[in-house]
Amino acid sequence: MSELRLETYCMPAAELGPENPLPPISTGKDLHAVAANSDIPADIVRNMAYGHLPNILPYPMQDGYSRERAPRDFCVAVLENETLKATFLLEFGGRLWSLYHKPAKRELLYVNPVFQPANLALRNAWFSGGVEWNVSTIGHSPFTCAPLFAARVEAPDGTPILRMYEWERIRQVPFQIDAYLPDDSQLLYVRVRIVNPRDCEVPTYWWSNIAVPETRSTRVVVPADAAYRFTYEENGLELIPTPSHKGHDYSYPTRIQQSAD
């Protein structure tokens, strides 16, 4: 039977610390600025540049975190049925922290054993693990290390739904994430909704990133013979063959020599 409940989840954690009181008027170089090679279609270059922002205002920076960790209880929402148990960090962007497959007794995600912020997001603080929901602009969500509102709603058949939502202040739009586990379902369902309440066009962006355990034998296989790669360098967007490039089979993540998308 499908169930939704609140629990506490304990793990070693660094303090997030206070928000920076100084306004982030400029955050420096745009790491996602596009400088493409000549073989990249013009519409791709144009669309990648669309909607970029000079800074993260009106959000303050989150750069007051520590490096000292101690056990801490986190408020989590748990969806569970006969097959799956899904745990969401309500205080940190509603991140899906764990997805446990009960018959196989196996964790399907990478569950970080600690909470340790580091400078990798638009507001600075970011942490790894689970499934992260990102809204509004390129880069990690303004809510990566901030709470979402949460509510219990029900589907017409009585299935409990975890609804997480917020007002995104850069684009001035509300968004919501509905997660649910029907009885006997082998899958966790997630439905995302972004609403433009105005009568003008609003640039926006959505992506989710999923952390899984990485080993020397871990491989990512896709039905493609080429891929676009962005390397955060001058002329950083290029079209490369799949799965091998310059002698490296990058379908094995541990063989990649530098950070890239």
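The values are calculated or read from the model by the stated rules, or taken from the named source; none is laboratory data. This one's a predicted model, so the numbers in the text were calculated from it and none came from an experiment. Because the Cβ atoms are built from the backbone with ideal geometry, glycine has one as well, and the counts that use them run over all protein chains shown.
The single condition among (1) under 21 Å from ALA49 (Cα atoms); (2) of a type outside the set (A, V, I, L, M); (3) exposed (fewer than 12 other Cβ atoms within 10 Å of the Cβ) that GLU214 does not meet is (1).
Scanning the range 98-130 for residues that are more than 28 Å from TYR232 (Cα to Cα) and in a strand (DSSP E or B) gives SER98, LEU99, TYR100, HIS101, ARG106, GLU107. Taking first residues from the range 1-20 that are more than 30 Å from ALA155 (Cα to Cα) and partners that are surrounded by fewer than 17 Cβ atoms within 10 Å (Cβ to Cβ) and hydroxyl-bearing (Ser, Thr, Tyr), the Cβ contacts under 9 Å between residues at least 6 apart in sequence or on separate chains come to ALA14/SER66; GLU15/SER66; LEU16/SER66; GLY17/SER66. Of the residues making up the range 131-160, those that are farther than 28 Å from PRO24 by Cα and either under 16 Å from the mean Cα position of the chain (by Cα) or among the β-branched types (Val, Ile, Thr) (or both) are VAL153, THR159. Answer yes or no as to whether VAL212 is in a loop (DSSP other than H, G, I, E, B), under 30 Å from VAL78 (Cα atoms) and at pLDDT 90 or above. Spelling it out, VAL212 is indeed in a loop (DSSP other than H, G, I, E, B), under 30 Å from VAL78 (Cα atoms) and at pLDDT 90 or above.
Here PRO147 fits the description: assigned to a loop (DSSP other than H, G, I, E, B) and of a type outside the set (D, E, K, R). Screening PRO174 with (1) part of a strand (DSSP E or B); (2) under 14 Å from the mean Cα position of the chain (by Cα) gives one miss only, at (2). Looking across THR144, THR218, THR159, one residue alone is among the polar types (S, T, N, Q), in contact (Cβ under 8 Å) with a residue 12 or more places away in the chain and within 16 Å of ASN134 (Cβ to Cβ). It is THR144.
Considering only the range 162-169, I want to know if a residue exists there that is under 30 Å from PRO213 (Cβ atoms) and of a type in the set (Ser, Thr, Tyr). The answer is no; no qualifying residue exists.
State yes or no: is ARG95 exposed (fewer than 14 other Cβ atoms within 10 Å of the Cβ), among the basic types (Lys, Arg) and either out of contact with any helix residue (DSSP H, G or I) (no Cβ under 7 Å at 6 or more places or on another chain) or at pLDDT 95 or above (or both)? So ARG95 fails the test. When the range 223-258 is limited to residues that are under 20 Å from PRO41 (Cβ atoms) and among the β-branched types (Val, Ile, Thr), the one that is nearest to the chain's Cα centre (by Cα) turns out to be THR231. Checked against (1) loosely packed, with under 12 Cβ neighbours inside 10 Å; (2) over 18 Å from the mean Cα position of the chain (by Cα); (3) closer than 30 Å to MET1 by Cα; (4) at pLDDT 95 or above, ARG191 passes all but condition (2). When the criteria are applied in full, GLY158 meets the requirement of being of a type in the set (Gly, Ala, Ser) and exposed (fewer than 12 other Cβ atoms within 10 Å of the Cβ). Residues that are closer than 26 Å to LEU120 by Cα and surrounded by 14 or more Cβ atoms within 10 Å (Cβ to Cβ) within the range 241-254 comprise TYR250, SER251, TYR252, listed in sequence order. Mind telling me which of the residues LEU79, LEU84, LEU89 ends up being in contact with a Gly (Cβ under 8 Å, 6 or more places away or on another chain), surrounded by 16 or more Cβ atoms within 10 Å (Cβ to Cβ), among the hydrophobic types (A, V, I, L, M, F, W, C) and under 27 Å from GLN176 (Cβ atoms)? Exactly one of LEU79, LEU84, LEU89 is in contact with a Gly (Cβ under 8 Å, 6 or more places away or on another chain), surrounded by 16 or more Cβ atoms within 10 Å (Cβ to Cβ), among the hydrophobic types (A, V, I, L, M, F, W, C) and under 27 Å from GLN176 (Cβ atoms), namely LEU89. Could you go through the range 108-123 and let me know if any residue there is of a type in the set (D, E, K, R), surrounded by 19 or more Cβ atoms within 10 Å (Cβ to Cβ) and within 19 Å of ASP261 (Cβ to Cβ). The answer is no, given that none of the residues of the range 108-123 is of a type in the set (D, E, K, R), surrounded by 19 or more Cβ atoms within 10 Å (Cβ to Cβ) and within 19 Å of ASP261 (Cβ to Cβ).
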